[in-house]
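Asker: Got a structure here, written out as structure tokens. Questions coming.
Derivation of every value follows stated rules applied to the coordinates shown; laboratory data play no part. Here the structure is a predicted model, which is why all the values come from computation and not from measurement. All Cβ positions, even for glycine, are placed from backbone atoms using ideal geometry, and neighbour counts span all protein chains on display.
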Amino acid sequence: MTVPTTREQCAALDAADPLGPLRKEFTLPADAVYLDGNSLGVLPVRTPEVVRRTVEEEWGQGLITSWNAAGWTELPHTLGDRIAPLVGAAAGEVLVCDSVSVNLFKILTAALRMRPGRRTVLGERDTFPTDLYIAEGVTGLFDGARSVLLGSLDELDEQLAGGDVAVVLLSHVDYRTGVLLDMAEITERVHRAGALMVWDLCHSAGALPIDLTACQVDFAVGCTYKYLNAGPCAPGFLYAAPRHHAAVRQPLTGWFGHAEPFSFKPEYRPTEGIGQFLTSFPPLLALAGLRATLEIWEQVDLAQVRAKSLALTELFMGRCAQLGLEVVTPAEPERRGSQVALRHPDGFPVVQALIERGVIGDFRAPDLMRFGFTPLYTSYTDAWDAAEALREVLASGEWQAERFHRRGAVT
Ligand SMILES: *Cc1c(COP(=O)(O)O)cnc(C)c1O
């Protein structure tokens, strides 16, 4: 596809966009271009009704009978099975529960136990910090264990060669720069060194096709409130390759991971399969948001999502480069996720000035402006208009106003 050079050409692309009709599935903010769906996805139009039914009918009327009658007990599995095709997994391999951090705790601990004699968890220094904090917490529980942080992936082979690496944890797409890693190639390298591979899919699930099965990934975690639009703080998901189900033991052994939770036996006995990763039951009302949005995802072709995502980011990056901005996100499509990061020493006030103009991106310290492109509801004209707004904010110098320099608790 040639990159559009006028707003009219963008409008023509929107008119021909196979994903275009899905935009009406979402409640978008009036008079705004929302480029932060990689942080908190938008509200699907159908979600309030699904939540209302869950509250008023399943809870209000069904009460305790809804555990069986409304299928509540099965939801971590049934919702996981519906996420599975989005990440290249089969039914019974994905479970919805807990937060990404808690799921990582369970998986990293289980992985270290699967590699007795090896004591290193390897991560990347620039990864989303909660992943590193959890790795630190986990290694603190094992005698002699440590987490080692790579300054760059160029150091990966050297670390693997030491023979002490039990598990490697990497983000598929970097939350700041938008760099996409080669899942198949890296997983293979890690396996050759005898280590296990855990991928964090927070910035790739729903943004591009993923094939955990073909890449022979061991474990993965992901987020449902970013590209998947399940709603603020909706539970995460985890994947465990079926070849590990028999041997793996996760540490948070709560009643819902028991083989017979309602036998109320004093001894813990894990259920078979992915269900052993459950601890307690995830927040039921938050699952309603996931139920609703997955109805939309079932209509989506991820190849179309990827093609549009690359076209949108290419368009926006090209316009930003023309403004003389430093584009941090790789130009090569195979190395790019679905967001664009721009480096600017005054990135924070520039982003605030953009927000006042109705272009909602965000800022990641120390100097990155970040714009997420979510092809289900972001149009080509949105990308064009956002770049125009950025041009005007920079040309006018309006970002220098004092009000754009005040920081809230969340950036
Ligand atoms: C968003 C995100 C998380 C979120 O963690 P929670 O524990 O669910 O709050 C974790 N890791 C990465 C890489 C993320 O982008």
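Asker: Provide, as a two-decimal number, the C-alpha radius of gyration of the range 163-245 over 2.2 N^0.38 Å, N being how many residues it has.
Answerer: My calculation over the Cα atoms of the range 163-245 gives 1.11.
Asker: For the chain, find the longest principal axis of its Cα atoms and tell me its angle to the long axis of helix 284-297, 0 to 90°, nearest 10.
Answerer: Approximately 60 degrees, to the nearest 10.
Asker: Between Arg23 and Asp157, what is the FRET efficiency for a Förster distance of 30 Å, r being their Cβ-Cβ separation, to the nearest 0.05?
Answerer: 0.10
Asker: Taking amide H positions as placed 1.01 Å from N in the peptide plane, with prolines and chain starts having none, which residues 5 or more places from Ser171, or on another chain, fall under 5 Å of its amide H?
Answerer: Answer set, sorted by chain and number: Asp200.
Asker: Where the centroid of each part is defined by its Cα atoms, how far is the range 11-61 from the range 179-228 in Å?
Answerer: Spelled out, the Cα-based centre of one part sits 27 Å from the other.
Asker: Would you grab the residues whose amide H sits under 5 Å from the one on Thr329? Only those 5+ places off in sequence or on another chain, please, with H modelled 1.01 Å from N.
Answerer: Distant-sequence amide H within range of Thr329: Ala341.
Asker: Further question: Mind listing the long-range amide H neighbours of Thr27? Cut-off is under 5 Å, sequence gap 5 or more, other chains count too, H placed in the peptide plane at 1.01 Å from N.
Answerer: Here the answer is Leu43, Val45, since their amide H atoms fall under 5 Å of that of Thr27.
Asker: If you don't mind, another one. Taking only the C-alpha atoms, wrap a convex hull around the range 40-97 and report its volume per residue in Å³ as a whole number.
Answerer: Measuring per residue, one finds 103 Å³ for the Cα hull of the range 40-97.
Asker: OK, next. Antiparallel as a % of all DSSP beta bridges within the chain, to the nearest 5?
Answerer: 55
Asker: Let me ask you something else. Go through the range 161-173 residue by residue and turn each phi into a ³J(HN,Hα) via Karplus (6.51, -1.76, 1.60, θ = phi - 60°); whole Hz please, and just put x for glycine and proline.
Answerer: 5, x, x, 9, 6, 8, 8, 10, 10, 9, 7, 4, 10
Asker: Quick one: what do you get for the range 78-149 if you divide its Cα Rg by 2.2 N^0.38 Å?
Answerer: That ratio works out to 1.26.
Asker: Still on this structure: Considering the alpha-carbon set of the range 1-88 alone, what are its Rg and its Dmax in angstrom?
Answerer: Over the range 1-88's Cα set, Rg and Dmax evaluate to 19.1, 59 Å.
Asker: Here's a follow-up. If you line up the Cα atoms of the range 284-353 on their principal axes, what length do they span on each, largest first, in Å?
Answerer: 45, 29, 17
Asker: At a Förster radius of 30 Å, what calculated FRET efficiency corresponds to the Cβ-Cβ distance of Arg243 and Glu295, to the nearest 0.05?
Answerer: Using R0 = 30 Å, I get an efficiency of 0.45.
Asker: Let me ask something else. Normalise the Cα radius of gyration of the range 84-123 by 2.2 N^0.38 Å (N = residues in it) and let me know the number.
Answerer: Cα Rg divided by the expected 2.2 N^0.38 Å: 1.43.
Asker: Extending each Cα 7 Å along its Cβ direction at Glu74 and Glu8, get the distance between those two points in nm, one decimal.
Answerer: It works out to 5.5 nm between the two label points.
Asker: May I ask you to derive the FRET efficiency for Arg192 and Ser99 from their Cβ-Cβ distance with R0 = 41 Å, giving the value to the nearest 0.05?
Answerer: Once rounded, the FRET efficiency stands at 0.80.
Asker: Only helical DSSP H runs with n ≥ 4 go in: add -39500 (n - 2.57) per run for the chain, normalise by residue count and round the 222 nm mean residue ellipticity to 500 deg cm²/dmol.
Answerer: Rounded to the nearest 500, the figure is -10000 deg cm²/dmol.
Asker: Follow-up question, since we're still on this one. Considering the Cα positions of the range 280-411, please state its Rg to one decimal place and its Dmax as a whole number of Å.
Answerer: For the range 280-411, the Cα-based Rg and Dmax read 16.9, 54 Å.
Asker: Determine the principal axes of the Cα atoms in the chain, then give the extent along each, sorted from largest to smallest and rounded to whole angstroms.
Answerer: 68, 59, 42
Asker: Still on this model: So which trypsin sites (Lys or Arg not before Pro) in the range 369-409 end up in coil per DSSP with only 14 or fewer other C-beta atoms within 10 Å?
Answerer: Within the range 369-409, the qualifying trypsin sites (Lys or Arg not before Pro) (loop, at most 14 other Cβ atoms within 10 Å) are Arg406, Arg407.
Asker: Would you please state which residues of the range 331-375 a label at Glu398 would reach in this model, taking the label point 7 Å out along Cα→Cβ and a backbone N cut-off of under 16 Å?
Answerer: 349-361
Asker: For the range 363-411, would you read off the P(r) tail past 16 Å as a percentage of all alpha carbon pairs?
Answerer: 57
Asker: How are the alpha carbon pair distances in the range 1-160 distributed across 10 Å bins from zero to the largest one, expressed in percent?
Answerer: P(r) for the range 1-160, in whole percents per bin: 8, 19, 26, 23, 19, 5, 0.
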